[in-house]
Structure formats: structure tokens, C-alpha cells
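Some notes on the structure that comes next.
The values are calculated or read from the model by the stated rules, or taken from the named source; none is laboratory data. Everything quoted here is computed from the prediction, not taken from an experiment. All Cβ positions, glycine included, derive from the backbone under ideal geometry; neighbour counts span all protein chains shown.
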């Protein structure tokens, strides 16, 4: 299981301009990364949560795609649906180094996901 989450983080870090997609203009409930065409490959996605204008933080949610192949992720879908929150984090849209903030959020999501999947 943790391999699938780790692979997601590596693929997400390789996406061009991914940190720029985590902005105040992200629409709550909509996907941030990856594009739908990459669902099967990534197995997971990050959706936008609520944006807090006072703190300039965007809540983000790691969710399992319906095309996930990993047995642990398939089990998660059965128990929680594809809309279940595997992990959550808060992205600081005002951070000076957006790439570092992106990496920090990915690591937080990875750690929370592993904990929630029990590995």
C-alpha cells in the first residue's frame, strides 16, 4: 500500500507547474492534480478543499481514484468510497517558495495516508 502512495508523491513531484495549481482560485471539490487522463497511472488525486482568505491557506484532500489497482487502495474504496478523505493538509498559497510548500504538503499527505491505511 505505502508503495502506491509513495509512487503518487514521486509522480506528483514530477508534474510540470504543479505547485502553481494550488492557489486561491482552486475551486472547492474540484481536482487539482493529476488530470483525469492520468487517474489509472496515479491511482490517487488531490482535490481542493476550502480556501481561507484570512490565512491564505488552501485545504487539500488526497482521495483514491476509482481506477486504483493497489489492493490496499481498492479496499479503501470499498470501505470509504472514492470520495473518502484518505488524507488532508493545508497549502500556504502565500509561501515564498511554492515548490518547497508543495513538497511539504505532499509529504504530509503521504504520512497521513500511510497512517490511515494502517501501514
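Within the range 98-115, is even one residue more than 14 Å from residue 4 (Cα to Cα), under 13 Å from the mean Cα position of the chain (by Cα) and surrounded by fewer than 17 Cβ atoms within 10 Å (Cβ to Cβ)? Among the residues of the range 98-115, at least one is more than 14 Å from residue 4 (Cα to Cα), under 13 Å from the mean Cα position of the chain (by Cα) and surrounded by fewer than 17 Cβ atoms within 10 Å (Cβ to Cβ), which makes the answer yes. Scanning the range 11-27 for residues that are surrounded by fewer than 10 Cβ atoms within 10 Å (Cβ to Cβ) and closer than 18 Å to residue 87 by Cβ yields no hits at all.
Okay, residues lined up against (1) touching a residue at least 12 places away in the same chain (Cβ under 8 Å); (2) outside any loop (DSSP other than H, G, I, E, B); (3) more than 20 Å from residue 97 (Cβ to Cβ):
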| residue | (1), (2), (3) |
| --- | --- |
| 12 | yes, yes, no |
| 19 | yes, yes, no |
| 24 | yes, no, no |
| 27 | yes, no, yes |
| 39 | yes, yes, yes |
| 47 | yes, yes, yes |
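Within the range 65-81, restricting attention to residues that are touching a strand residue (DSSP E or B) at 6+ places or on another chain (Cβ under 6 Å) and either under 15 Å from residue 112 (Cα atoms) or exposed (fewer than 14 other Cβ atoms within 10 Å of the Cβ) (or both), which residue is modelled with the highest pLDDT? Restricting to residues being touching a strand residue (DSSP E or B) at 6+ places or on another chain (Cβ under 6 Å) and either under 15 Å from residue 112 (Cα atoms) or exposed (fewer than 14 other Cβ atoms within 10 Å of the Cβ) (or both), the top hit is 73.
One line per residue, one yes/no per condition, for (1) under 14 Å from residue 59 (Cβ atoms); (2) assigned to a loop (DSSP other than H, G, I, E, B):
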site: 73; (1), (2): no, no
site: 78; (1), (2): no, no
site: 83; (1), (2): no, yes
site: 91; (1), (2): yes, no
site: 106; (1), (2): no, no
site: 109; (1), (2): yes, no
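Going by the structure shown, is residue 62 touching a strand residue (DSSP E or B) at 6+ places or on another chain (Cβ under 8 Å), under 16 Å from residue 42 (Cα atoms) and either assigned to a helix (DSSP H, G or I) or modelled with pLDDT of 95 or more (or both)? Yes; evaluated as a whole, the condition is true for this residue.
Once the range 28-48 is narrowed to residues that are loosely packed, with under 15 Cβ neighbours inside 10 Å and out of contact with any strand residue (DSSP E or B) (no Cβ under 6 Å at 6 or more places or on another chain), the residue that is farthest from residue 68 (Cα to Cα) is 29. On inspection, residue 95 does not qualify as in contact (Cβ under 8 Å) with a residue 24 or more places away in the chain and either within 25 Å of residue 19 (Cα to Cα) or buried (at least 17 other Cβ atoms within 10 Å of the Cβ) (or both).
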